[in-house]
Each structure stands twice: as C-alpha cells, then as structure tokens.
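Asks: Below are the structure tokens for one structure; questions will follow.
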Amino acid sequence: MTEEKKENPMESSTPYDDAFRTMETKCDDLLIPFVNHIFGEKYDKRAVIKRLRNEEFIEHKNGSLEKKITDSSFEIIFDEMIKKYHIECENSRYDGSILIRIFEYDSQIARTDVEGDLYKVIFDFPNTGLLLLRKSERTPENALIELKMPDGNAASYKVPFLRIWDYSIDEIFEYRLYMLIPFYIFKYENELDTIDGNTQELSNLLEEYKKIRARLDKENEKGNLSAISLSVIIKLTHRVAYNLTMKRKNIQKKVGDLMGGHVIDLPEFRIYDNGKADGKAEGKAEERTEGIRIFIEDKLEDGIPEETIVEKLKKRYDLPEEKAKEYIERYRSAGEAN
C-alpha cells in the first residue's frame, strides 16, 4: 500500500494574496495606518471599517461572466463621512497590465451603490491603491486611470502605489505599516540564493528578523498593536517566507524556527471570532446602527428620494422594508429637531 502524501498547511497556491486578505479582513489596527499612509488620510481609533463583498463578476466581450475576488474592498466611516476603498496586492513584477484589472474591479464596486434618477446616474468609484511586492526598476510611484468621454472631456483618478522595497524596517515601524512585515522577505528575493549558501549572510538575515520580532513585542506592549494582530503578523511572516524560500532550505528552516516557534495557533481564527461574538456583540450592533444613521443622514442631505434610500438600506444592510422606513423616519425627525 502506498502512503498518501499529506497536505502541507504551510503551502498555498495564493499565499501572498491570502496573507494580505487575512490582515485586511481580521485586523483593523493594521489596516487603518496602512490606509492613512497610502491615501494620506488621518483616521484614528474612532474609524469604523465595514467590509464589503469582495466577489465581483467581470463581463467579457462575448457576454460571459467571470467571478473575480478582489484583495480588499471596504468602507471607512469617520466623523460622519463614508469613503470606499479598494486595495490590491500584486506579487508579479509591475508591467501596467494590472491597471486594466483594477479598473474592472473599481467599475463593479461602483455599480453596487449607484445613485440617480430618470435623468442622471452617479457611479461612486472607490479610492484605489496597489501594494507591489516584487521590485522592478520601471515601476512608477503611482498610475492614472483616465476615461475619455463621448463629448471630448475626460475623467481620471490616481492609483497610488506602495512599493515594499522603498521601506526600511525603521520606516515600517515609524509609519506603523505592520502589514508589510509578512512580505519583508521580498526585499531579499534577488539575494536569497546567496544568503542560503553563506553562513554569515544567513546569520545577518536571522538577526534582522530577531529585531523585528522584538520590536513587534514592544509595539504590543505600548498598545499600538493588538495581541491578535501580533499573532497574525508572526504566523503570516512564517507562511510567506516558507512559500518564497521553497528551494532555500537553510533560510526556510531558520526563519521558520524563529517565527513559527512563537506563533499562537488560531485555526480559522476561531478564538478571535468567538471572542468577538461573545464579548463584542453589543459593540458591533452599535457600530452597525451608527453606520445606518450616517448613511441615511448623508442621503437625506443630498436630497435622495426616500424610496431610493429604502432600497439601498435593504441591499446594503439586509433590512426589511418596514425597518428601513423606521430608521429613515427616526433620523429625519432627529435632524429636524436639531
């Protein structure tokens, strides 16, 4: 009888996309400073993140639909403002082709929350950014997506890039770009063969990761990094390095022993999710209600018809029609009272 080959949980066909999506989905304290840096925002702990559906259907020229999964699509509610964001993590060397895919995603995201009437329709495009992992000398700092209109006018929006090779460890901690740490090994990608075969180079790399580990612990102690996010970073640093160093066994083992040995095992984030469900249900309900209030007041201020707001509430927050109308009446009355 032949022994079946066991699956290695560390291996994945999309390890880098998975790592980015995990941090974006589970760790608000990682995502907020990342958004602040790449988009020039100034969000603090009051910011509320609402994750949006990340499955989009792209229509091809022949009419067929293809399901695509964006790396991240979310809204941030802050000081009675709501902004949409879309961030992609790209592990291929940049050649410009991803901009087409980004525009396809952005268009689909904009279609999910269309406003208008019989005479006008408004598509609300998200703020979009791109994280690049692999260095290329021809990679710009940002790109422009421009739409040429039938009347000769043009509309455009900028896509800022965050290129991981531009950031030292000191800068990563200065700007609290903790989401970059699992991908830090990419800075050494072109040198991995040399490092793997050189004892001193390997020792230097290991020493750098020891310092990263110690600094992460200090950030946790200072309250800049939650315990769950600390564990996520360490676990994903191990996983990303494991997949990138498949043929460099010395690096794989050394980094794995250092980072893997400290990982708190949280299968499917069961502990985290259960903790939120048990201890923060009330807080989540308050966040949802606050989001509904801001959404309604914003639409009423823009003069959007009530029936349109009702339909949007039903779709966005999965509310029954009567409940949606109840919310509208409550916040309209509150606004008139003020």
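The values are calculated or read from the model by the stated rules, or taken from the named source; none is laboratory data. On a predicted model such as this, the values are computed, not experimentally measured, just so you know. FYI the Cβ positions are ideal-geometry reconstructions off the backbone, even for glycines, and counts take in every protein chain you see. Heavy atoms of the whole protein, side chains included, go into the accessibility calculation; ligands, DNA and RNA do not. Shrake-Rupley method; radii C 1.70, N 1.55, O 1.52, S 1.80 Å.
Asks: Please list, in chain and number order, the residues 5+ apart from Thr128 or on another chain whose amide H is under 5 Å from its amide H, with Hs placed from the backbone.
Replies: His86
Asks: Determine how large the accessible area of Glu322 is when every protein chain is in place; take a 1.4 Å probe and give Å² rounded to the nearest 10.
Replies: Surface accessible to solvent at Glu322 totals approximately 130 Å².
Asks: When you count, for each residue, the other Cβ atoms within 10 Å and take the mean per peptide, how do 193-204, 236-247 rank with the highest first?
Replies: 236-247, 193-204
Asks: In addition: So what J values fall out for the range 318-327 if you push phi through Karplus, 6.51 cos²θ - 1.76 cosθ + 1.60 with θ = phi - 60°, rounded to Hz, Gly and Pro as x?
Replies: 6, 9, x, 4, 5, 5, 4, 5, 4, 5
Asks: Report the extension gain between Asp302 and Asn224 in nm, rounded to one decimal, defined as 0.36 nm multiplied by the number of residues separating them, less their alpha carbon distance.
Replies: Stretched fully, the Asp302-Asn224 segment lengthens by 24.3 nm.
Asks: Rank by packing, highest mean first: peptides 15-27, 114-126, 77-89, with packing defined as the count of other Cβ atoms within 10 Å averaged across residues.
Replies: Taking the mean over residues of other Cβ atoms within 10 Å, the ranking is 15-27, 77-89, 114-126.
Asks: Of the cross-linked pairs Lys135/Lys254; Lys26/Lys299; Lys42/Lys84; Lys84/Lys299; Lys84/Lys235, which ones have a Cα-Cα span greater than 18 Å in the structure shown?
Replies: Violating the 18 Å Cα-Cα cut-off are Lys135/Lys254; Lys26/Lys299; Lys84/Lys235.
Asks: Give the long-range amide H neighbours of Ser72: residues separated by 5 or more places, or on another chain, with amide H under 5 Å away, using H modelled in the peptide plane at 1.01 Å from N.
Replies: Close amide H contacts, sequence-distant or interchain: Ile87.
Asks: Going by accessible area, probe 1.4 Å, with all protein chains left in place, what is the ranking of Ser156, Ser107, largest first?
Replies: Ser156, Ser107
Asks: Which order do the peptides 131-137, 304-310 take when ranked by the mean count of other beta-carbon atoms within 10 Å per residue, highest first?
Replies: Ranked by mean Cβ neighbours within 10 Å, highest first: 131-137, 304-310.
Asks: Scan around Leu319 for amide H atoms under 5 Å from its own, H built in the peptide plane at 1.01 Å from N, and keep only partners 5 or more places away or cross-chain.
Replies: Lys314
Asks: Work out from phi, with θ = phi - 60° and the Karplus expression 6.51 cos²θ - 1.76 cosθ + 1.60, the ³J(HN,Hα) of each residue of the range 216-230, listed in order in whole Hz, and give x for Gly and Pro.
Replies: Coupling constants for the range 216-230: 4, 4, 5, 4, 5, 5, 7, x, 7, 9, 6, 4, 5, 5, 4 Hz.
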